[in-house]
Amino acid sequence: MPAITLSAARPFDLDCTLDCGQLFRWQRRDGAWVGVVGDAVIAARQEGPALLFEGADERRIERYFQLDLDLPAILASIDRDPFIHAAIARHRGLRLVRQDPWECLVSYICAQNASIPFIRCMIENMARCFGAPLPSPWGTHHAFPGPEALASRELFDLRQCSLGYRAGYVLDAARRVCGDPGWVERVGALSFEEARAELMAFRGVGRKVADCILLFAFQKFESFPVDVWIRRVMREHYLPGGGPDRGVSCREYDAIAGFARDYFGEYAGYAQEYLFADARAARKK
């Protein structure tokens with residue numbers, strides 16, 4: 001089994017990275033993680049300083065997990081206070097994964113008002129119904145369907161995948177992307193605010209969904225998605241006060257995200273992910 005050697009200068013925590021809520025197509029199986037990345041079924045496990053993998057070459061693994069980024073320098077830049085310092089210490093090695101923009105767009109449209117198990121269910125249903133089969137030593141999986149595979153479908157077909165009201169958003173996104181094949185390059189070349197506005201032109205894409213896509217698929221690391229859990233963390237440790245602990249209003253969202261970008265800097269999205277992972281781990285205790 002091929003392996004990549006990790007070190008203190010290149011830290012990586014596979015479990016934390018794949019179990020922190022940023023991805024939906026990886027599952028633990030027989031001591032390893034098995035997931036679908038593009039047209040490949042990949043198995044990976046970590047043994048101390050060794051990252052072992054099958055199903056892809058080393059270059060693809062390094063690019064996907066962004067092992068080329070200087071994580072210690074990124075973490076040093078966001079290590080601004082005792083609270084984030086403790087979160088970094090507990091989850092050191094968590095990395096943001098480089099996701100495919102189309103799959104990320106659909107995944108986070110589906111993620112609205114849904115638990116992680118339900119998001120996984122919707123995505124797997126679409127893959128099984130409309131994606132190409134991918135035989136592997138770990139069974140037959142399916143690639144995530146491209147926009148052309150969904151654009152020709154009817155709303156009923158997507159609703160059969162348990163998408164509910166999200167089906168219309170996904171179908172609209174597929175048809176929009178099919179009519180604009182250069183959208184990925186265009187969004188990637190824009191500034192953060194311009195790219196955010198471009199994504200929010202998709203039906204069903206609001207502030208948080210756009211910020212997730214920018215962070216996970218376009219490497220706009222200043223992006224700071226805000227949900228009720230991050231809002232709670234930010235209120236308790238950085239911005240005390242605010243209204244009732246319900247949904248995040250647009251005004252409050254912008255205030256929290258703006259503060260975070262100013263406070264944590266160009267890698268605010270990494271701060272968000274470490275704070276989210278820490279809050280999620282605390283909820284599991």
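What the table shows:
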item: Reciprocal of mean inverse Cα separation for the stretch 3-66 (Kirkwood radius, Å); result: 12.0 Å
item: Residue-averaged 222 nm ellipticity for the chain, from DSSP H runs of 4+ at -39500 (n - 2.57), nearest 500; result: -15000 deg cm²/dmol
item: Options Leu94, Cys20, Phe224, ranked by Cα towards positive dipole end of the chain, top entry (Cβ charges); result: Cys20
item: The stretch 108-163: GluC sites (Glu not before Pro) in DSSP loop, at most 15 other beta carbons within 10 Å; result: Glu154
item: Mean Cβ count within 10 Å, highest first, over the residues of peptides 116-122, 3-9; result: 116-122, 3-9
item: Packing rank of 186-194, 268-276, where each peptide gets the mean count of other beta carbons within 10 Å, highest leading; result: 268-276, 186-194
item: At 0.692 mPa s and 37 °C, Stokes diffusion of the stretch 101-216 via Kirkwood alpha-carbon radius, µm² per second; result: 225 µm²/s
item: Under-5 Å amide H pairs with His141, H placed in peptide plane, nonlocal only; result: Leu134, Ser136
item: Dipole magnitude of the stretch 3-66, debye to nearest 20 (Cβ charges: Lys/Arg +1, Asp/Glu -1, about Cα centre); result: 120 debye
item: Total charge dipole magnitude, the stretch 198-285, about the Cα centre, Cβ charges on Lys, Arg, Asp, Glu only, Debye to nearest 20; result: 440 debye
item: Residue-wise HN-Hα coupling along the stretch 205-218, computed from phi with Karplus coefficients 6.51, -1.76, 1.60 (Hz; x: Gly, Pro); result: 10, x, 4, 5, 4, 4, 5, 4, 5, 5, 6, 8, 10, 10
item: Chain lengthening between Arg159 and Ala8 when straightened (0.36 nm per residue, less Cα-Cα); result: 49.7 nm
item: Protection-proxy order for peptides 134-141, 46-53, 11-18, each taking the mean of Cβ atoms within 10 Å per residue, highest first; result: 11-18, 46-53, 134-141
item: Among (1) 50, 47, 38; (2) 65, 43, 41; (3) 58, 50, 35, the entry derived from the coordinates for Cα extents along the principal axes in Å; result: (1)
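Each reported figure results from applying straightforward, stated rules to the coordinates on display, with no laboratory input. Fair warning: this is a prediction, and the values are worked out from it, not measured in the lab. Cβ coordinates were reconstructed from backbone atoms using ideal geometry, including for glycine residues, and neighbour counts include every protein chain displayed.
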